[in-house]
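Undergrad: Okay, here's the structure, questions in a sec.
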Amino acid sequence: MVFLAGLAAFVAASVALTDASLAGLLTIPNTYGNFSGCASQPSVFSCENTTAIKNTCCSPTPGGLVLATQFWSTYTGLEKFGQKLPKASWTLHGLWPDNCDGSFGQYCDFSRQYDPAPSPKTLTPNGTVIPPWTGPNVGTFVKAFRRFDLLDWMNKYWINQGAPNADFWGHEFSKHATCTSTFDVKCYGDDYVEHQEVVDFFEAARRAFNMFPTYDMLASYGITPSNKTQYALADITNALTQQTGAVPYIGCSHNGTALSEVWYFNHVFGTEQYGRFKAVNSTTKSTCSSTQPIWYYERTKTSETEVRFLP
């Protein structure tokens, strides 16, 4: 009888342990920062403050001119590996912290440098060589936080050209997020877990990307990819300006005749992660021709994949 009672207790303890272990495995770790100290700070839009920001976790400083940037590409070069472009959507380039005067910093923290092929290779004018990252790609950081949903989204909408997607993600974090004060490690408090801010940056970049549905905004003005029809830069600019409230930067390749990029400039109320974006006019002149018509080329059919699904 004593033996049976002991066995029953052992089984019960084992089941409880198993349940606890499963609960741990099913729990998704949080990656948000600790911004409770910002409650006592004055709240203003970045680049519109009249006094210095005392707590740089509360507002992107000095990089308060926040750019949500996107690409239009027609192929990836890695289609045979399944790396394709999302149908009926532009792709995410990045989330950049330009200074309020339009200048910018880059690769601001070598301890969080995860770019395997830094570009530029050196920081000018001091000529410091940026050390290439040789460790695991940043996609493994996302997996460590069990954010497979985010990783799936990134592989659909944050697409590299000629190299694996994760290389591009590492580049964007290292070059830009390390220069954004609200992603500093100190902003995550005493419970900080390594690479927490990396995942948080990826979430913030996704959030900003979704604010500006470039494909849909252009299509609603009758501007869609075509290998037969060209568009005036003024019409492209007007379509986006009328729906965002500010003039974005519009980039073109092929001597200014092929649409390739859009950058949306913003001031931010609060943190770059979660704050309110206010569109402002671009500080960068378009590289598209104002006199020649612009091509908005169709993608190679084998380079696209459908990402919209019916429930």
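Undergrad: Do any residues in region 150-172 that are touching a residue at least 24 places away in the same chain (Cβ under 8 Å) have Cβ atoms under 6 Å from those of residues that are aliphatic (A, V, I, L, M) and assigned to a helix (DSSP H, G or I), where the two are at least six apart or on different chains, and which pairs are they?
TA: Partner pairs satisfying both residue conditions: L150/V142.
Undergrad: Condition first: of a type in the set (K, R) and either in a strand (DSSP E or B) or surrounded by fewer than 16 Cβ atoms within 10 Å (Cβ to Cβ) (or both). Now tell me which residues in region 63-119 satisfy that. Talk me through it step by step, then tell me what you get.
TA: So the first thing to find is which residues in region 63-119 are of a type in the set (K, R), and the list is 80, 84, 87, 112.
Scanning region 63-119 gives K80, K87.
Undergrad: Now for a different question. Restricting region 255-273 to residues that are within 19 Å of H93 (Cα to Cα) and among the aromatic types (F, W, Y), which is surrounded by the fewest Cβ atoms within 10 Å (Cβ to Cβ)?
TA: Among those that are within 19 Å of H93 (Cα to Cα) and among the aromatic types (F, W, Y), it is W263.
Undergrad: Would you mind telling me which numbered condition in (1) touching a residue at least 40 places away in the same chain (Cβ under 8 Å); (2) under 18 Å from W158 (Cα atoms); (3) in contact with a Gly (Cβ under 7 Å, 6 or more places away or on another chain) W133 fails?
TA: The single condition W133 does not satisfy is (2).
Undergrad: Right, here's the next one. Please list, ordered by first then second residue, the pairs with beta carbon atoms under 6 Å, 6 or more apart or interchain, first in region 79-102 and closer than 20 Å to A219 by Cβ, second surrounded by fewer than 19 Cβ atoms within 10 Å (Cβ to Cβ) and among the hydrophobic types (A, V, I, L, M, F, W, C).
TA: Filtered contacts from region 79-102: P86/V307.
Undergrad: Restricting attention to region 210-225, which residues are within 14 Å of T91 (Cα to Cα) and in a loop (DSSP other than H, G, I, E, B)?
TA: Scanning region 210-225 gives F212, P213.
Undergrad: OK, next. If K156 passes every condition in (1) touching a Pro at 6+ places or on another chain (Cβ under 7 Å); (2) within 24 Å of V185 (Cβ to Cβ); (3) basic (K, R) but one, which one does it miss?
TA: Condition (2) is where K156 drops out.
Undergrad: Which ones in region 191-215 are in contact (Cβ under 8 Å) with a residue 12 or more places away in the chain and among the acidic types (D, E)?
TA: Answer for region 191-215, where residues must be in contact (Cβ under 8 Å) with a residue 12 or more places away in the chain and among the acidic types (D, E): D191, E197, D200, E203.
Undergrad: For region 28-61, enumerate the residues that are touching a residue at least 60 places away in the same chain (Cβ under 8 Å) and not hydrophobic (A, V, I, L, M, F, W, C).
TA: Once the filter is applied, which keeps residues that are touching a residue at least 60 places away in the same chain (Cβ under 8 Å) and not hydrophobic (A, V, I, L, M, F, W, C), region 28-61 yields P29, T31, Y32, G33, N34, S43, S46, E48, T56, S59, P60, T61.
Undergrad: For region 211-226, state whether one or more residues are within 21 Å of the chain's Cα centre (by Cα) and exposed (fewer than 14 other Cβ atoms within 10 Å of the Cβ).
TA: So far as region 211-226 goes, yes, one or more of its residues are within 21 Å of the chain's Cα centre (by Cα) and exposed (fewer than 14 other Cβ atoms within 10 Å of the Cβ).
Undergrad: Enumerate the strands (runs of 3 or more DSSP E) found wholly within region 241-311, keeping only those where 3 or more residues are farther than 21 Å from I223 by Cβ and in contact (Cβ under 8 Å) with a residue 12 or more places away in the chain. Talk me through it step by step, then tell me what you get.
TA: On the way: elements: 249-253, 258-269, 276-280.
Passing ranges, in order: 258-269, 276-280.
Only the coordinates and a few stated rules stand behind these numbers; no lab work does. These numbers come from a predicted model, not from an experiment. Cβ coordinates were reconstructed from backbone atoms using ideal geometry, including for glycine residues, and neighbour counts include every protein chain displayed.
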